[in-house]
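The values are calculated or read from the model by the stated rules, or taken from the named source; none is laboratory data. All of these numbers come straight from a predicted model, not from anything done at the bench. Heads up, the Cβs are rebuilt from the backbone with ideal geometry, glycines too, and the neighbour counts pull from every protein chain shown. With ligands, DNA and RNA removed, areas are computed over all heavy atoms of the protein, side chains included. Shrake-Rupley method; radii C 1.70, N 1.55, O 1.52, S 1.80 Å.
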Amino acid sequence: MRRSDSPDTDRRYPLRMPPDWDPPVPAWSSVFPQGAGQVSMCVIGCQHDAGQDVSGFVQDLSAIADDADIADYASCEDRDGKRQTVGVLYWLGEDGCADWLESAEFRNFWEKHTADRTEFGVFREVFNIPFQRSETLFSGPEHHHGMSEARMGITGPIKTHMYWGGMRDRIPHSADDPLEASGAITVVEEQANRVRVRAHENLCIIRSGQDWSLTTDEQRREYVETMEPVLKDGMTFLRDSGDEVGCYSCRYMREFDEDGSKTDRTFGLAYFRTIGELEAWAEHHSTHLAIFNTFLEIAPRHGPDLQLRLWHEVSVLPSDRQFGEYVNCAPGTGLLGGLRSA
């Protein structure tokens with residue numbers, strides 16, 4: 001099969017891809033409609049006690065989320081011992097999410113669930129992601145998770161993966177920009193129980209997922225007993241001690257269906273100060289090396305018969321129109337984690 005990418009000699013910042021590189025396992029990237037230009041992503045959720053019934057929140061959100069092109073629902077335990085239940089919504093194009101946030105339906109939902117009588121925290125995190133500043137990666141050409149549920153097509157197998165620096169190399173904007181952070185996460189509005197923050201330049205976000213719904217027998221045991229435990233260790237480190245490596249927040253989430261039943265899909269959603277700090281954790285930290293090496297022990301053995309579906313999307317964002325708003329939430333929730341090091 002034809003390789004879809006080759007070294008670009010016009011780059012100001014050269015690829016880190018080794019000469020004559022041949023990845024040990026194949027991977028593919030999504031192709032989006034050229035006219036779209038970007039995707040908008042809204043993470044909207046509640047922070048609550050374990051066992052607390054938040055089905056009303058989820059039902060109300062689902063009822064108004066039909067406007068989104070993609071809607072995923074998931075939950076996790078956070079570093080404060082609370083649970084977070086969220087919807088991750090995407091719109092192709094520039095204005096869909098902004099229009100939705102200004103709609104009467106959303107305003108009524110937001111006002112209902114941020115009222116003083118509400119017994120849990122509520123938050124929204126809004127990111128506008130230019131495709132020139134993002135990349136996607138999949139372990140198989142048929143996978144389409146996250147924003148890629150709305151893709152136009154797939155390209156690959158690609159060469160720019162399975163080496164340190166491949167993630168940055170796949171972001172088109174990195175050819176001419178070092179993608180270094182400037183500024184800090186800034187509070188733009190604060191009341192007694194409500195805070196709104198604005199992101200700094202080149203905030204890096206990663207959503208990295210695992211789908212083992214099609215695994216059987218040996219491959220299912222390998223994932224559940226061998227791979228998932230080291231993955232969970234890495235996500236727990238980023239959640240609880242991410243400050244050490246420039247990670248503001250990490251949610252390791254289990255997806256659920258509309259009826260509330262758990263699926264065999266998880267993802268980590270993490271916010272890093274820079275892509276450089278994400279790269280450093282990936283390349284040098286023991287928790288990620290354990291994940292990477294475990295994958296390398298298993299995936300090449302199965303080759304094209306690997307049933308586990310792995311994917312991620314990584315974006316490095318301009319500061320414009322990236323914000324978070326938190327009502328009755330713990331101080332380090334989401335982008336508020338960036339205030340700890342401010």
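General observations
- Taken over region 64-90, the criterion of being charged (D, E, K, R), open to solvent by 40 Å² or more (accessible area, probe 1.4 Å) and farther than 12 Å from residue 120 by Cβ is satisfied by 66, 67, 69, 77, 79, 80.
- Pairs are defined by a Cβ separation below 6 Å, a sequence spacing of at least 6 or placement on different chains, a first member in region 40-63 that is open to solvent by less than 40 Å² (accessible area, probe 1.4 Å), and a second member that is acidic (Asp, Glu); the pairs so defined are 43/125.
- Applying the condition of being open to solvent by 30 Å² or more (accessible area, probe 1.4 Å) and part of a loop (DSSP other than H, G, I, E, B) to region 291-317 and asking which residue is farthest from residue 162 (Cα to Cα) yields 307.
- Candidates 207, 254 - the one that is touching a residue at least 60 places away in the same chain (Cβ under 8 Å), farther than 21 Å from residue 336 by Cα and in a strand (DSSP E or B): 254
- Considering region 90-142, the residues that are in contact with a helix residue (DSSP H, G or I) (Cβ under 9 Å, 6 or more places away or on another chain) and of a type in the set (Ser, Thr, Tyr) include one that is nearest to residue 320 (Cα to Cα), namely 134.
- Any hit, region 225-245, residues being crowded, with 18+ Cβ neighbours inside 10 Å, over 24 Å from residue 81 (Cα atoms) and touching a residue at least 40 places away in the same chain (Cβ under 8 Å): yes
- Qualifying residue in region 111-119 (condition: more than 20 Å from the chain's Cα centre (by Cα) and either crowded, with 21+ Cβ neighbours inside 10 Å or assigned to a strand (DSSP E or B) (or both)): no
- A single member of 34, 59 is within 21 Å of residue 130 (Cβ to Cβ), outside any strand (DSSP E or B) and polar (S, T, N, Q), and it is 34.
- Just one of the numbered conditions (1) among the hydrophobic types (A, V, I, L, M, F, W, C); (2) in a loop (DSSP other than H, G, I, E, B); (3) in contact (Cβ under 8 Å) with a residue 24 or more places away in the chain is not true of residue 74: (2).
- Against the test of being in contact with a Gly (Cβ under 9 Å, 6 or more places away or on another chain), more than 26 Å from residue 154 (Cβ to Cβ) and polar (S, T, N, Q), the options 52, 59, 47, 38 yield a single qualifying residue, 47.
- Any hit, region 152-159, residues being in contact with a Phe, Trp or Tyr (Cβ under 8 Å, 6 or more places away or on another chain), surrounded by fewer than 22 Cβ atoms within 10 Å (Cβ to Cβ) and assigned to a helix (DSSP H, G or I): no
- Which numbered condition residue 230 fails, given (1) touching a helix residue (DSSP H, G or I) at 6+ places or on another chain (Cβ under 9 Å); (2) assigned to a strand (DSSP E or B): (2)
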